[in-house]
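Please treat every number below as a calculation from the coordinates, not as lab data. It should be emphasised that the depicted structure is a prediction, and the values quoted were computed from it without experimental measurement. Methodologically, a virtual Cβ is constructed for each residue, glycine included, from the backbone with ideal geometry; neighbour enumeration extends over all protein chains shown.
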Amino acid sequence: MARYRGPVEKIERRFGVSLNLKGERRLAGKSALEKRPYGPGQHGQRRKKVSEYGLQLNEKQKAKFMYGVSEKQFRALFVEAKRKAGNTGTNLITLIEQRLDNVVYRMGFASTRRFARQLTTHGHVLVDGKKLDIPSYRVKPGQKIEIKEASKTNNQVVRAIELTNQTGLAPWVDIDAEKVYGIFTRLPERDEVVIPVEERLIVELYSK
C-alpha cells in the first residue's frame, strides 16, 4: 500500500485522537480535531458500533499513520517483534521507535514525523558523522544524530527546536539544541512512549 499523502487532519478526526500529524497547529491548539472533535464528512457526528475486528484494525491504522510506515514495513516489524523474546507488542513499539525518522522527530529537530522523514530522505541528517538518507534505518543506543551544518539554520528546523524545547523531549535522547545534534542514549521503556495506540489489539489482529 502506498504511503498516505492526503489531508492528515481528516485522519485524526476519523480516529478521534491526535496522532501528531500536524506540528505547529497542534502545539498552538489550532488543530482541526480540537475545533471539530468528530469524524469528517456528512455523517461524522453519528455514533458507529465498531466490531472487535474493527477495533483491532483501527489500532493498526493509527500506528501506521502516526509513524508514517507502509503496510509492508509494519508487518515486517511485527514479524521481527514476534521472533524476539519478551512481549510482542512492546517489542513492536520499541522497534518502530528506533526508526531514524522517528528519532529525528523525538529529538525535536522536526515538528512532525513527516517532516523528519523529508529531512532524512533529502540528505540533511548525519548518523555518527555520515549522511544517511534511509528513514527506516534502525538507530542503535549510543549513536549520534545530527542535522548537517548547512541545514541547521533551516527555518522549519529552528522553529521545531523552539516548539519542542517548550513541550519537553523523550527521556531516551540527549540533545544539544544549539549545535543541533543528539545522542540516542538507550531503548525506551514502554511506559515512556506515550502514544494513543493499544498494541495488544494489533498483536491480536496479526495473530489471527
(message) Give me Phe65, Phe109 sorted ascending by neighbouring Cβ count inside 10 Å, so fewest comes first.
(response) Phe65, Phe109
(request) Give the order of Asp191, Asp101, Asp176 when sorted by the count of other beta carbons within 10 angstrom, beginning with the fewest. (result) Asp191, Asp176, Asp101
(request) Please order Lys148, Lys62 by the number of other Cβ within 10 Å, starting at the fewest. (result) Lys148, Lys62
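Where a ≥ b ≥ c are the square roots of the eigenvalues of the C-alpha gyration tensor, would you call the stretch 99-184 rounded, which needs a/c under 1.5, or, failing that, prolate if a/b is larger than b/c, or oblate? The partial results should precede the final answer.
Details: a/c = 1.37, a/b = 1.14, b/c = 1.21.
Rounded.
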(message) I want to check the label-to-label distance for Asp133 and Thr185. Put each point 7 Å from Cα in the C-beta direction and report it in nm to one decimal.
(response) 3.3
(request) Could you sort out which of Lys60/Lys144; Lys82/Lys130; Lys64/Lys130; Lys140/Lys179 sit more than 25 Å apart by Cα distance in this structure? (result) Lys60/Lys144; Lys82/Lys130; Lys64/Lys130
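Relative to the present Cα-Cα distance, how much length would full extension add between Asp174 and Ser51 at 0.36 nm per residue of separation?
Working: separation 123, 0.36 × 123 = 44.28 nm, distance 4.22 nm.
Stretched fully, the Asp174-Ser51 segment lengthens by 40.1 nm.
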